[in-house]
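Everything below concerns the one structure shown next.
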Amino acid sequence: MSSSSSILPCLVFSLFLFISPGTARTPAKPFRPRALILSVTKDPLTSQYLTSIRQRTPLRPVKVTVDVGGKALWVACDRDEYISSTYRPALCGSPQCRLAKSKTCDNCWDGPRPGCNNNTCSTVVYNTVEKSGQIGELATDVLALQSADGSNPGRVVRVPNLLFSCGSLFLGEKLAKGAKGIAGFGRTETSLPSLVSRALGVRKKFAICLSGSSKGVVFLGDGPYVMLPGITISDRLIYTPLLTNPVSTVHPIFDTFPDHTWPSMEYFIGVESIKVNTKTVAVSPSLLKINAKGNGGTKISTVEPYTVLHTSIYNAITKAFVKAISKVPRVNPVSPFETCYKASSLGSTRLGPGVPAIELVLQNNVTWMIFGANSMVYVNNSEVACLAFVDGGKKPRTSIVLGGHQLQDNLVEFDVEGSRLGFSSTLLGRQTNCGNFNFTTKV
């Protein structure tokens, strides 16, 4: 028998084994995470909240500032700054351009390179920290995010073509040291929660838990939200409706782009009254509502370090607060704060300095309690404690802007699909805090 004829039966038998129903393998189903997580830290110099995303090919960590009301993810695409083999500009008329509501079609003389290509659509890129902006190219690239089961991190998930905008190092000059852009979580189809929901099928919602001194966490998608030592925060959230401001609250950078004609990208809630030391303070009801021009109301911000108030609201709260602890002597103000005390004269509790609670009574007849850890800030090497609210003037666009300091160690859930906001009030009373998510143990 020839060598070829002796091999043939073996090949037939091998082929039979390969195609036999008993040995066929069912393709594995693609992994679908329930949620994803980002770690967040506070920059001590700027009070900005920073996270690190892993983007591009090869993957590279990129530090960005977190803006809960921001339009989109943008990063600096300067020459030699952005290097990736999977960068793809969004071509004019493409689905990516339609998603971003971009109707412009541009050419660039300095390309081709990331941020500078012909026949591409562009958008306004906002630096919401300093209220500036520029025109930037829309593009897609790989983004890698860590999945989670609510209490532990899981496997890394790759999104192959996540839409983002190209900014510049110049636009980000006032960002925290090392930050190369901004991660926007606002009410747009191009925000990070919307894009991740579209790509991975997770719910269009996110939760933030900011820490002033440790590593906080952002959840993208569904809960539960569990902090060490095994405390489930999501079981105890209180809910109030998320409101839509029908008028844009971004500064109109370029009149030729329609952003300033859209409803606000930011998250508003309905404050119905304010209490200090359990007593309601006198505040004009009209300031608490959003009027036809989009003025008034209450929004949540992570780019404002401290809560900013309309002058009349600021005066009412400050007057009531000072009266409630009138026996405690005040010390000289420390800019930008006006109401300050010697820290040792206030005493200390598990919830921060021993001062009267401030209550925001919200729609659904629920109350957001603000205790000393969130109402006061230590300055001058912690020898002085000041009321951590800032006078925003007599004609601010928004009457109350809840800033980052007031959000710390509070878990706040933005349920965009359900159009509601869930909040925990301070976690300090539950023997945990926002620095207690277990980032070390993987499932």
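The values are calculated or read from the model by the stated rules, or taken from the named source; none is laboratory data. Please read all numbers here as calculations on a predicted model, not as lab measurements. In this analysis, Cβ positions are derived from the backbone assuming ideal geometry, glycine residues included, and neighbour counts consider all displayed protein chains. SASA here: full protein model, heavy atoms, side chains in, ligands and nucleic acids out. Shrake-Rupley method; radii C 1.70, N 1.55, O 1.52, S 1.80 Å.
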Would you call Thr41 open to solvent by less than 20 Å² (accessible area, probe 1.4 Å) and out of contact with any helix residue (DSSP H, G or I) (no Cβ under 7 Å at 6 or more places or on another chain)? no
How many residues does the range 141-161 hold that are surrounded by fewer than 22 Cβ atoms within 10 Å (Cβ to Cβ), polar (S, T, N, Q) and either touching a Lys or Arg at 6+ places or on another chain (Cβ under 9 Å) or modelled with pLDDT of 95 or more (or both)? 3
Of (1) closer than 30 Å to Lys101 by Cα; (2) among the hydroxyl-bearing types (Ser, Thr, Tyr); (3) in contact with a strand residue (DSSP E or B) (Cβ under 9 Å, 6 or more places away or on another chain), Ser234 fails just (1)
Qualifying positions in the range 378-406 - among the polar types (S, T, N, Q) and not in a loop (DSSP other than H, G, I, E, B): Gln406
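Filter the range 353-377 down to residues that are more than 25 Å from the chain's Cα centre (by Cα) and surrounded by 15 or more Cβ atoms within 10 Å (Cβ to Cβ) and give me whichever is nearest to Ser273 (Cα to Cα).
Ala357
Could you grab me the full set of residues in the range 92-108 that are hydrophobic (A, V, I, L, M, F, W, C) and within 17 Å of Pro160 (Cβ to Cβ)?
Leu99
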Condition met for Phe164 (surrounded by 23 or more Cβ atoms within 10 Å (Cβ to Cβ) and touching a Pro at 6+ places or on another chain (Cβ under 7 Å)): no
Would you mind telling me which numbered condition in (1) over 19 Å from Ser39 (Cβ atoms); (2) surrounded by fewer than 24 Cβ atoms within 10 Å (Cβ to Cβ); (3) touching a Lys or Arg at 6+ places or on another chain (Cβ under 7 Å) Thr232 fails? (3)
Hey, any hits in the range 265-274 for a residue that's exposed (fewer than 15 other Cβ atoms within 10 Å of the Cβ) and farther than 22 Å from Lys394 by Cβ? no
Does any residue of the range 407-429 turn out to be part of a loop (DSSP other than H, G, I, E, B), of a type in the set (A, V, I, L, M, F, W, C) and modelled with pLDDT of 95 or more? yes
Is it true that Leu171 is open to solvent by less than 20 Å² (accessible area, probe 1.4 Å), farther than 18 Å from Thr302 by Cβ and part of a loop (DSSP other than H, G, I, E, B)? yes
Only residues in the range 20-44 that are more than 30 Å from Val303 (Cα to Cα) count as the first member; pair them with residues that are at pLDDT below 85 and open to solvent by less than 100 Å² (accessible area, probe 1.4 Å), Cβ under 9 angstrom, at least 6 apart or cross-chain, and list the lot. Thr23/Leu17
Does any residue in the range 74-91 that is charged (D, E, K, R) come within less than 6 Å, Cβ to Cβ, of a residue that is surrounded by fewer than 16 Cβ atoms within 10 Å (Cβ to Cβ) six or more places away or on a different chain, and which pairs are these? Asp78/Leu169
Would you check which residues across the range 125-140 are touching a Lys or Arg at 6+ places or on another chain (Cβ under 8 Å) and either crowded, with 24+ Cβ neighbours inside 10 Å or free of Cβ contacts under 8 Å to residues at least 60 places away in the same chain (or both) and list them? Tyr126, Asn127, Glu130, Ala139, Thr140
Which condition number in (1) in a helix (DSSP H, G or I); (2) crowded, with 22+ Cβ neighbours inside 10 Å is the one that Ser286 fails? (2)
Within the range 188-208, how many residues are in contact with a Phe, Trp or Tyr (Cβ under 7 Å, 6 or more places away or on another chain) and buried (at least 23 other Cβ atoms within 10 Å of the Cβ)? 5
